[in-house]
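Quick notes on the structure that follows.
The values are calculated or read from the model by the stated rules, or taken from the named source; none is laboratory data. What you see is a predicted model; the values in this text were computed from it and never measured. When we count neighbours, we look across all protein chains shown, and the Cβ atoms used for this are built from the backbone with ideal geometry, even at glycine.
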Amino acid sequence: MKKSYIWPFANRVSHILLVLFFVVAYTLGDFKSLLSYHVAFGLALGVVFFFRTGWGFVGPKYSKFKDFDFNLQDLKGYLLSVFSKTKEYAGHNPASSWAIISMILVAFLSILTGLLTYGVEAHHGILSFLYSPYLKKIQIFKGVHEFFSNLFLAIVGVHIAGSLIDKFIKKSDAIDSMVSGHKHLSKVINVKTTIFQNVYTLVWISFSVFSLYYLIFTKDNIFIIW
Ligand code: HEM
């Protein structure tokens, strides 16, 4: 097996940020006194996903959505052979491809309904002009936000379970590759990034970290009431 370079710095660092921001945002959602932190981490998660979506169009090979395997026959084949070794995937396998696109979509729905809950029902944040005492009483957006957040958690659960099955049963090095960038494949593939992609990465990672810093440390920002 030949050592190949598949996931550039942007994918690996953004993945760590996603894990961190998701875990903190989800955990703090249950504590009323920590609501502002919940909103800050949730919005920062949205920033990371926003740039990951752009990376799906301007990123290098295998990171682009057009290189994802959305073929339903492939997905069926992959799932039916879940406990045996299947064909090698340089990029995302069909189950990962679907899980990743679902996570992005559901994360955005969760963040949007979170902003609506915060604005319409709590009279805070950029949608506070939509505040309605009636909607506050029936808490419709809160319910929808909880639904999408739990759906997000469920997809993350399936994603993690799939990654562990991949590692321990299929003996794939997908998890290691999300840390090191390297996979061992039958032929050498080395993904290279362009100058534009390197600049995009710099903006992506700095903006994601800075947005969290700004949301937490700027006490009179328009997004969060502290
Ligand atoms: C907790 C929240 C998590 C979220 C929101 C998340 C999200 C994502 C996303 C968006 C990608 C695509 C990365 C890219 O193409 O740039 C990805 C890939 C991946 N993630 Fe996660 N992830 C999470 C946790 C984890 C954990 C805990 C593990 C390890 C057990 C893991 C293992 C992987 C692997 C192995 C891949 C690459 C899959 C493949 O090769 O097709 N993820 N994840």
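Hey, could you check the range 188-211 for residues that are within 16 Å of the chain's Cα centre (by Cα) and either among the hydrophobic types (A, V, I, L, M, F, W, C) or part of a loop (DSSP other than H, G, I, E, B) (or both) and say which is nearest to residue 21 (Cα to Cα)?
Among those residues, the one meeting the criterion is 209.
Looking at the range 74-105 only, could you name the residues that are part of a helix (DSSP H, G or I), farther than 18 Å from residue 175 by Cα and polar (S, T, N, Q)?
If the condition is that a residue be part of a helix (DSSP H, G or I), farther than 18 Å from residue 175 by Cα and polar (S, T, N, Q), then 102 is the only one that fits.
The conditions are (1) part of a helix (DSSP H, G or I); (2) of a type in the set (Val, Ile, Thr); (3) at pLDDT 95 or above, and residue 165 fails exactly one of them. Which is it?
(3)
Go through the range 60-69 and report how many residues are closer than 14 Å to residue 8 by Cβ and either free of Cβ contacts under 8 Å to residues at least 12 places away in the same chain or out of contact with any Gly (no Cβ under 6 Å at 6 or more places or on another chain) (or both).
Going through the range 60-69 one residue at a time, the tally reaches 4.
Being more than 16 Å from the ligand (Cβ to nearest atom), charged (D, E, K, R) and surrounded by fewer than 16 Cβ atoms within 10 Å (Cβ to Cβ) is true for just one of 64, 137, 87. Which residue is that? Walk me through how you get there before you give the answer.
Working: 64 fails: more than 16 Å from the ligand (Cβ to nearest atom); 87 fails: more than 16 Å from the ligand (Cβ to nearest atom).
Step by step, each of 64, 137, 87 is checked, and only 137 is more than 16 Å from the ligand (Cβ to nearest atom), charged (D, E, K, R) and surrounded by fewer than 16 Cβ atoms within 10 Å (Cβ to Cβ).
So which residues in the range 1-59 are aliphatic (A, V, I, L, M), under 23 Å from residue 182 (Cβ atoms) and either more than 15 Å from the ligand (Cβ to nearest atom) or without any contact (Cβ under 8 Å) to a residue 12 or more places away in the chain (or both), if there are any at all?
Matches in the range 1-59: 1, 16, 19, 20.
Could you count how many residues in the range 23-58 are among the small types (Gly, Ala, Ser) and more than 16 Å from the chain's Cα centre (by Cα)?
Total satisfying the criteria: 3.
Report yes if residue 97 is crowded, with 21+ Cβ neighbours inside 10 Å, over 30 Å from residue 2 (Cα atoms), within 16 Å of the ligand (Cβ to nearest atom) and among the small types (Gly, Ala, Ser), otherwise no.
So residue 97 fails the test.
Mind listing whichever residues of the range 8-22 are more than 11 Å from the chain's Cα centre (by Cα) and surrounded by fewer than 22 Cβ atoms within 10 Å (Cβ to Cβ)?
Matches in the range 8-22: 8, 9, 12, 13.
Look at residue 157 and say whether it is closer than 23 Å to residue 53 by Cβ, within 11 Å of the ligand (Cβ to nearest atom) and part of a helix (DSSP H, G or I).
yes
Those residues that are of a type in the set (Lys, Arg) and modelled with pLDDT of 95 or more, I need them from the range 1-27; list them, please.
The answer is 3, 12.
Might you let me know whether the range 177-187 holds any residue that is more than 25 Å from residue 80 (Cβ to Cβ), of a type outside the set (A, V, I, L, M) and in a strand (DSSP E or B)?
yes
Please verify whether residue 169 is in contact (Cβ under 8 Å) with a residue 60 or more places away in the chain and surrounded by fewer than 13 Cβ atoms within 10 Å (Cβ to Cβ), treating the condition exactly as stated.
Judged against the criteria, residue 169 is a match.
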